[in-house]
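Step one of this worksheet: look at the structure below.
The values are calculated or read from the model by the stated rules, or taken from the named source; none is laboratory data. Predicted, not measured: the structure shown is a model, and the values here were computed from it. Because the Cβ atoms are built from the backbone with ideal geometry, glycine has one as well, and the counts that use them run over all protein chains shown.
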Amino acid sequence: MTQLMKKNIVGKLTVTLTCATILFTLTACGKKADKADDTSDKGVTTITVATGNAGLPFAYLNEDNQFDGLDVKLMEAVDKALPEYKFKFIGGDFPTTLSNLESGKAMIASFQFEVNDERKQKFTYGTVPYTDWDTFIVTNGDKGKALDSFDQLKGKKVYVTTGTNQAAMAENYLKAHKDAFTLVYGEYTNEQIVEAIKSGAVDATLAPKYSNDLYVKNYGVNFVIGKTPVNKSKAYILFNKKADEKLQKAVNDEMAKLKEDGTILKLSKKYLGGDYVPKG
């Protein structure tokens with residue numbers, strides 16, 4: 001073998017090994033970026049938080065295309081107090097937020113989650129309730145009186161969003177009262193809900209008082225609610241079942257502090273227009 005041939009072989013081996021090293025490094029980096037919890041060289045763990053992208057006033061993209069809303073700002077306040085973590089948000093509609101958490105794309109989800117049995121099986125609830133969720137029947141006051149019970153919805157069409165507690169409670173009622181009313185499924189956005197009721201495509205929806213207040217204030221409609229809620233509940237954040245226990249404790253402890261020092265109350269007044277923070 002000539003000296004020239006030896007040089008060519010060594011050169012090819014060097015190039016091959018270098019390319020393989022680069023490919024391995026890029027592949028490893030790619031896998032690392034896909035994780036919902038990723039520890040950087042500085043010891044700061046990035047945590048992916050699933051939330052909404054069009055769910056005013058809780059979680060949405062504002063005019064600057066930035067995540068905003070009560071749930072987003074609450075998680076940002078938690079993140080600010082925990083230097084060992086860095087939160088990044090991924091958005092979606094309500095069902096997508098839950099699927100992102102269940103699949104492991106996110107370790108935390110913050111989008112006004114009430115307690116129900118299905119979610120208990122799939123996720124771990126946070127320990128601090130941060131929003132009252134007393135659900136009322138919302139109707140168009142220009143077309144009839146306010147309603148106080150599911151019985152009064154007989155023959156009507158009711159707007160709900162897949163995966164919400166409101167959909168679940170209505171579905172459970174219909175199991176015992178078949179064909180009492182019809183559910184119309186749509187996205188969890190104020191614009192669609194208001195337009196559906198205003199146009200007459202549906203007769204009612206299920207929502208807390210502050211949501212109806214926003215419908216009236218922002219869209220100039222005459223929507224009304226009954227005197228009695230059809231369900232009394234509270235909202236919590238959710239953790240993926242495999243979320244680190246240290247992370248869960250840190251987030252829960254900080255949320256308790258933010259509730260005690262009035263931060264959550266300030267967010268409630270800013271985004272919901274009043275004090276809707278659960279007592280205790």
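Do we have residue 264 as more than 18 Å from residue 114 (Cα to Cα), in contact with a Phe, Trp or Tyr (Cβ under 7 Å, 6 or more places away or on another chain) and touching a residue at least 40 places away in the same chain (Cβ under 8 Å) here?
no
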Response to the item:
Counting only residues in the range 133-143 that are surrounded by 21 or more Cβ atoms within 10 Å (Cβ to Cβ) and modelled with pLDDT of 95 or more, the one farthest from the chain's Cα centre (by Cα) is identified as 139
Worksheet item: If residue 198 satisfies every condition in (1) assigned to a helix (DSSP H, G or I); (2) basic (Lys, Arg); (3) in the same structural domain as residue 53 (by TED's automatic domain parsing) but one, which is the exception?
Response: (3)
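In the range 202-209, is there at least one residue being among the small types (Gly, Ala, Ser), closer than 26 Å to residue 161 by Cβ and either in a loop (DSSP other than H, G, I, E, B) or touching a Ser or Thr at 6+ places or on another chain (Cβ under 9 Å) (or both)?
Within the range 202-209, one or more residues are among the small types (Gly, Ala, Ser), closer than 26 Å to residue 161 by Cβ and either in a loop (DSSP other than H, G, I, E, B) or touching a Ser or Thr at 6+ places or on another chain (Cβ under 9 Å) (or both).
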Worksheet item: So which residues in the range 116-143 are closer than 22 Å to residue 276 by Cα, part of a loop (DSSP other than H, G, I, E, B) and out of contact with any helix residue (DSSP H, G or I) (no Cβ under 8 Å at 6 or more places or on another chain)?
Response: 129
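Per-residue answers, yes or no, for (1) closer than 30 Å to residue 104 by Cβ; (2) in the same structural domain as residue 255 (by TED's automatic domain parsing); (3) of a type in the set (A, V, I, L, M, F, W, C):
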| site | (1), (2), (3) |
| --- | --- |
| 174 | no, no, yes |
| 178 | no, no, no |
| 182 | no, no, no |
| 187 | yes, no, no |
| 194 | no, no, yes |
| 202 | no, no, yes |
| 218 | no, no, no |
| 243 | yes, yes, yes |
Practice prompt. Output the residue which, of all residues in the range 144-169 that are among the hydroxyl-bearing types (Ser, Thr, Tyr) and within 30 Å of residue 92 (Cα to Cα), is surrounded by the fewest Cβ atoms within 10 Å (Cβ to Cβ).
Written response: 162
Discussion item. Scan the range 176-187 and tell me whether some residue there is part of a loop (DSSP other than H, G, I, E, B) and in contact (Cβ under 8 Å) with a residue 40 or more places away in the chain.
Written reply: yes
Discussion item. Quick test for you: out of 212, 218, 252, 172, pick the one residue that is loosely packed, with under 13 Cβ neighbours inside 10 Å, part of a helix (DSSP H, G or I) and not charged (D, E, K, R).
Written reply: 172
Item to complete: Could you tell me which of the residues 52, 91 is within 23 Å of residue 272 (Cβ to Cβ), in contact (Cβ under 8 Å) with a residue 12 or more places away in the chain, surrounded by 21 or more Cβ atoms within 10 Å (Cβ to Cβ) and touching a Phe, Trp or Tyr at 6+ places or on another chain (Cβ under 8 Å)?
Response: 52
Discussion item. Checking the structure you have, find out if any residue of the range 144-159 is modelled with pLDDT of 95 or more, touching a Ser or Thr at 6+ places or on another chain (Cβ under 7 Å), outside the structural domain of residue 73 (by TED's automatic domain parsing) and within 27 Å of residue 279 (Cβ to Cβ).
Written reply: yes
Item to complete: State yes or no: is residue 146 of a type in the set (A, V, I, L, M), touching a Leu at 6+ places or on another chain (Cβ under 6 Å) and touching a residue at least 24 places away in the same chain (Cβ under 8 Å)?
Response: no
